[in-house]
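Engineer: First the structure, then my questions, so here it is.
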Amino acid sequence: MEQVIANGLYLGAQYALIALGLTLIFALMNVLNFAHGQLYVLGGFVTYTIYGQLGLPFPVALVCSGLTLAVVGAAIEKYLFRTVIRRSVREESTMLLAAAIAFFLDSVILLLFGEKQRGVPKIIDGVFISDAVILPYDRILVGVLAVLMIAAFVLFMQYSKPGRAMRALAQDRIAAQLMGVNVNRYSMIGFALGAMLAGVVGGLLVTITGVNSGIGGPISIKAFLMVMIGGAGVVGGAIAGGFILGMMESVGLTVLREFGDVTYLVIFALLMVFLSIRPNGLMGKPWG
Amino acid sequence: MTRTTKIAASAAFLLTLLVGVPVLINLTGRTDFYYTLTSVALLSIISAGVWITFYIGRINIGQGAYALMGGYVSAILVTGYGVSFWLTLPLAGLFCAAASVLIGLPILRLRGVYFAMISLVLTEVARLLALALPITNGAKGIVSIPLPGEISLFGLTIIPDFSTLANPRLAFYIVAVLLMALCFAGLYRLSRSRIGQLCQSLQQNEELASSIGVNIAYLRVIAYAMSSFLGGVGGAMFAAISQSIYPSSFTVADSVNFMLNCFLGGLSYVFGPMLGTFVLYFGWDLLFETGRFQLLIFSSVLIALMLVLPNGLLSLSLPKRKGNGVPARKKGVEA
């Protein structure tokens with residue numbers, strides 16, 4: 001049982017980071033970023049190239065993943081989303097754009113990196129063994145890194161100036177603008193930050209599960225699940241959603257093993273029931 | 001356009017599709033176009049369902065679930081119970097409509113992105129269910145479904161047995177076009193009926209609509225049921241044409257495509273889904289020549305289209321329509 005909980009916590013930390021990026025983008029721009037999973041994959045491949053292929057140290061690769069994705073995210077916001085949001089009559093049009101970007105990134109990743117499953121050497125060897133729990137050290141390291149990053153993100157949003165501006169933007173775009181917040185600038189920073197988080201998780205996870213060009217879509221779906229559980233556009237909700245999903249997956253895979261591959265079916269069914277009772281998720285604003 | 005010209009134009013369009021296109025295909029010998037055009041017609045029916053949910057202001061990425069459900073209902077009834085395919089077609093639609101009422105009652109309370117996400121999840125649920133249930137035969141799917149049989153009334157053959165036909169593709173094409181015509185005629189009628197007006201009020205502001213006495217809970221379930229009905233019929237027809245159905249026949253990617261069809265054609269136009277499906281499907285097929293750059297070019301064109309015409313292709317040809325003044329004015333500001 002301890003093993004299951006440890007696995008769940010480790011998975012949850014990763015998931016929470018992915019969900020944080022998605023929910024940040026959603027809160028700031030009201031955009032459902034279909035391409036989030038693809039951003040994650042791109043981050044994974046950047047780390048794979050720099051750490052796995054070029055042989056540079058892992059932290060360098062991780063930073064490069066984050067930076068690349070931040071630039072990509074900022075460019076996507078500035079040149080694509082901003083234009084479409086300004087021109088279209090209905091807000092939902094951004095979804096077509098987001099889906100098209102997801103296709104685009106999918107094809108770019110496929111062309112650049114091929115369709116093979118890619119892995120990198122372990123960051124640290126060895127396995128932590130105690131009476132109840134067996135965990136490889138690299139998993140522990142990745143989990144701890146993820147938790148640290150979540151903490152840093154929360155502190156950044158809570159106490160820094162850009163963080164405050166973004167929270168104001170999420171609360172009320174017009175009011176924030178009236179108070180002198182540079183809406184365009186902080187939308188771009190927010191999008192870049194969200195994309196960066198996705199890229200960093202991709203870089204972290206490539207050391208454990210590897211990466212291939214096809215997993216973008218499923219990752220996006222998982223991110224949507226977490227955001228729905230916690231409530232869209234709320235930082236706390238995304239973290240809670242990530243840990244809950246990670247825990248459910250870990251428990252489900254153990255408990256439901258003899259029934260075959262039904263873990264996600266059960267999770268989906270539970271989610272439907274949960275959402276019919278609480279449409280806004282755990283902490284969502286009573287908006288949707 | 002007056003009423004008569006409208007009717008004349010639709011009749012001419014239908015005649016072109018039913019007579020002109022087969023003649024043209026016979027002349028050029030490209031019989032593979034039958035399958036392509038049949039697919040476009042059926043996909044546009046399924047997309048029309050998504051359009052109805054857009055009409056009540058919901059973003060529906062769950063249409064693949066109902067298409068899959070419809071396909072399975074028809075396939076199981078035909079192979080397992082020997083029911084005539086023509087009977088299973090409406091049955092599949094009704095089954096989906098009934099299921100969508102049950103599912104819709106709770107989830108239609110969600111709005112905006114929440115509904116979009118839960119409907120996306122619904123597609124995944126349908127796929128996983130098809131994998132897990134015993135009746136759907138798991139990942140192997142249901143294969144070698146017999147072709148549709150004949151319908152005769154008082155000894156008079158109305159629809160011949162498809163397996164005796166020399167060219168079942170043409171027969172499927174004609175059935176699909178007729179279904180599409182029926183579907184869009186219904187859609188057009190719906191958008192101009194009282195219930196259509198009420199649906200539009202839902203799209204604009206549900207609270208306001210409910211405050212002036214519109215039964216929003218009832219309306220949105222009805223609209224969702226209609227949407228799923230179309231999805232089910234389209235899915236059943238697809239299963240009949242390919243004579244097989246698998247859990248992966250309709251996936252999340254298909255659901256997203258159905259939504260894209262509507263966006264591309266234009267959400268404020270009844271015939272948007274038809275045009276959008278045609279352009280997307282043919283565009284994708286034409287790019288087949290480019291090999292591994294197919295998806296890259298396709299998605300770049302989509303992004304470019306979105307930047308130039310964010311309100312759909314039809315917003316280009318009908319400049320007088322409401323809603324087009326807005327982007328034009330905004331463009332002026334930008335310049």
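The values are calculated or read from the model by the stated rules, or taken from the named source; none is laboratory data. Keep in mind that this is a model prediction, so the values were computed, not measured. Glycine also receives a Cβ, built like all others from the backbone with ideal geometry; neighbour counts cover every protein chain displayed. What goes into the accessible areas is simple: the full protein's heavy atoms, side chains included, and nothing from ligands, DNA or RNA. Shrake-Rupley method; radii C 1.70, N 1.55, O 1.52, S 1.80 Å.
Engineer: With runs of 4+ DSSP H residues as the only contributors, calculate the mean residue ellipticity of chain A at 222 nm using -39,500 (n - 2.57) per run, divided by the residue total and rounded to the nearest 500.
Structural biologist: Dividing the helical sum by the residues of chain A leaves -23000 deg cm²/dmol.
Engineer: Could you tell me the relative contact order of the stretch A:1-157? Use alpha-carbon pairs under 8 Å, at least six residues apart, and round to a whole percent. Walk me through the numbers before you get to the answer.
Structural biologist: On the way: 114 pairs, mean separation 50.5, N = 157.
The normalised contact order for the stretch A:1-157 reaches 32 percent.
Engineer: Something else: At 1.4 Å probe radius, can you tell me the per residue accessible area of the stretch B:31-274 in Å²?
Structural biologist: 37 Å²
Engineer: Taking the Cβ of A:Leu265 as the center, what net charge do the other residues with Cβ under 15 Å away carry, scoring Lys and Arg +1 and Asp and Glu -1?
Structural biologist: -1
Engineer: Leaving out ligands, DNA and RNA, what percent of the accessible area of the stretch B:1-155 is carbon and sulfur, probe 1.4 Å?
Structural biologist: Exposed carbon and sulfur together represent 72 percent of the surface.
Engineer: To the nearest 500 deg cm²/dmol, what mean residue ellipticity at 222 nm is calculated for chain B from DSSP H runs of n ≥ 4 alone, each contributing -39,500 (n - 2.57), summed and divided by the residues?
Structural biologist: Here the helix-only value at 222 nm equals -23000 deg cm²/dmol.
Engineer: Order A:Cys64, B:Cys262 by their accessible area, 1.4 angstrom probe, all chains in place, largest first. Show your work: numbers first, answer last.
Structural biologist: Numbers: A:Cys64 40, B:Cys262 0 Å².
Highest to lowest solvent-accessible surface, that is A:Cys64, B:Cys262.
Engineer: Another question, if that's okay. Span-like helices, chain A: DSSP H, alpha-carbon axial extent 20 Å or more, mean Kyte-Doolittle 0.0 or greater, which ones? Please report the intermediate quantities before stating the final value.
Structural biologist: On the way: long enough: A:2-29 (40 Å, 1.41); A:58-75 (26 Å, 2.04); A:93-113 (30 Å, 2.27); A:137-159 (33 Å, 1.80); A:183-206 (34 Å, 1.52); A:216-230 (21 Å, 1.49); A:235-255 (30 Å, 1.52); A:263-277 (21 Å, 2.61).
Taking the DSSP H segments of chain A (at least 20 Å long, mean hydropathy at least 0.0), we get A:2-29, A:58-75, A:93-113, A:137-159, A:183-206, A:216-230, A:235-255, A:263-277.
Engineer: Please return the longest stretch of chain B lacking exposed loop sites, where trypsin sites (Lys or Arg not before Pro) count only if DSSP places them in a loop and at most 13 other Cβ atoms lie within 10 Å.
Structural biologist: B:31-191
Engineer: Looking only at B:Phe263, B:Phe54, B:Phe13, which one moves most when chain B is put into a Gaussian network model with springs between Cα atoms under 10 Å?
Structural biologist: For chain B, modelled as a Gaussian network with Cα springs under 10 Å, the answer is B:Phe13.
Engineer: If you take the accessible area of B alone, add that of A alone, and subtract the area of the pair, what total do you get in Å², probe 1.4 Å, to the nearest 100? Kindly include the intermediate steps, with their values, before the conclusion.
Structural biologist: Working: alone 17520 and 14230 Å², together 27250 Å².
By this definition, chains B and A bury close to 4500 Å².
Engineer: Shape call for the stretch B:233-312 from the C-alpha gyration tensor, a ≥ b ≥ c root eigenvalues: rounded (a/c under 1.5), prolate (a/b greater than b/c) or oblate?
Structural biologist: Details: a/c = 2.25, a/b = 1.29, b/c = 1.74.
Oblate is the answer for the stretch B:233-312, as a/c is 1.5 or above yet b/c matches or exceeds a/b.
Engineer: Mind listing the long-range amide H neighbours of A:Arg118? Cut-off is under 5 Å, sequence gap 5 or more, other chains count too, H placed in the peptide plane at 1.01 Å from N.
Structural biologist: A:Val211, A:Asn212
Engineer: Still on this structure, please answer the following. Once Lys and Arg get +1 and Asp and Glu get -1 on their Cβ, which of A:Met248, A:Gly202, A:Ile189 lies farthest toward the positive end of the dipole of the stretch A:174-288?
Structural biologist: Working it through, the farthest residue towards the positive pole turns out to be A:Ile189.
Engineer: Among B:Tyr34, B:Tyr55, B:Tyr218, determine the one that fluctuates most according to a GNM of chain B built with springs between C-alpha atoms less than 10 Å apart.
Structural biologist: For chain B, modelled as a Gaussian network with Cα springs under 10 Å, the answer is B:Tyr218.
Engineer: Amide H neighbours of A:Asn33 under 5 Å, counting only residues 5+ apart in sequence or on other chains, H built in-plane at 1.01 Å?
Structural biologist: Residues meeting the criterion, in which the H sits 1.01 Å from N, do not exist here.
Engineer: If you don't mind, another one. Please calculate the 1.4 Å probe accessible area of B:Ser242, with all protein chains present, and give it to the nearest 10 Å².
Structural biologist: Here the accessible area works out near 60 Å².
Engineer: Next question, about the same structure. Under 25 Å between C-alpha atoms is the cut-off here; go through chain A and count lysine pairs that meet it, provided they're at least eight residues apart or on different chains.
Structural biologist: 4
Engineer: What does the average come to when, for each residue of peptide B:120-128, you count the partner chain Cβ atoms lying within 10 Å of its Cβ? Mind dumping the intermediate values first?
Structural biologist: Numbers: counts 7, 10, 2, 1, 7, 7, 1, 2, 9.
What the average comes to for B:120-128 is 5.
Engineer: Take A:Leu96, A:Leu56, B:Leu15 and sort them by solvent-accessible surface of the protein heavy atoms, 1.4 Å probe, largest at the top.
Structural biologist: Ranking A:Leu96, A:Leu56, B:Leu15 by accessible area, largest first, yields B:Leu15, A:Leu56, A:Leu96.
Engineer: Also, I was wondering about something else. If you average the sequence gap of Cα pairs under 8 Å that are 6 or more apart and divide by the length of the stretch B:31-274, what percent do you get for the contact order?
Structural biologist: It comes to 44 percent, rounded to a whole number.
Engineer: Right, next: Per residue in the stretch B:255-276, which ones lose no less than 20 Å² of accessible surface when going from chain alone to all protein chains (1.4 Å probe)?
Structural biologist: Residues meeting the cut-off: B:Val256, B:Met259, B:Leu260, B:Phe263, B:Leu267.
Engineer: Tell me the relative contact order for chain A as a rounded percent, counting alpha carbon contacts under 8 Å between residues six or more apart.
Structural biologist: Once normalised by length, the contact order is 38 percent.
Engineer: While we're here: Taking a 1.4 Å probe, which of B:Asp32, B:Asp161 shows the most accessible area, and what order do the others take after it? Please report the intermediate quantities before stating the final value.
Structural biologist: Numbers: B:Asp32 70, B:Asp161 45 Å².
Sorted descending by solvent-accessible area, the residues read B:Asp32, B:Asp161.
Engineer: Please check: in the Gaussian network model of chain A (C-alpha springs, under 10 Å), which one of A:Val144, A:Val235, A:Val41 has the largest mean-square fluctuation.
Structural biologist: A:Val144
Engineer: Right, something else. Take each uninterrupted DSSP H stretch in chain B, measure its Cα extent along the helix axis, and return the ones at 15 Å or beyond whose mean Kyte-Doolittle hydropathy is at least 1.0.
Structural biologist: Helices meeting the span and hydropathy rule in chain B are B:32-55, B:85-107, B:112-132, B:168-191, B:216-242, B:252-265, B:294-308.
Engineer: Between rounded, prolate and oblate, where does the stretch A:107-213 land on the alpha carbon gyration tensor, with a ≥ b ≥ c its root eigenvalues, rounded for a/c under 1.5, else prolate if a/b exceeds b/c?
Structural biologist: Taking the square roots of the gyration eigenvalues as a ≥ b ≥ c, the stretch A:107-213 is oblate.
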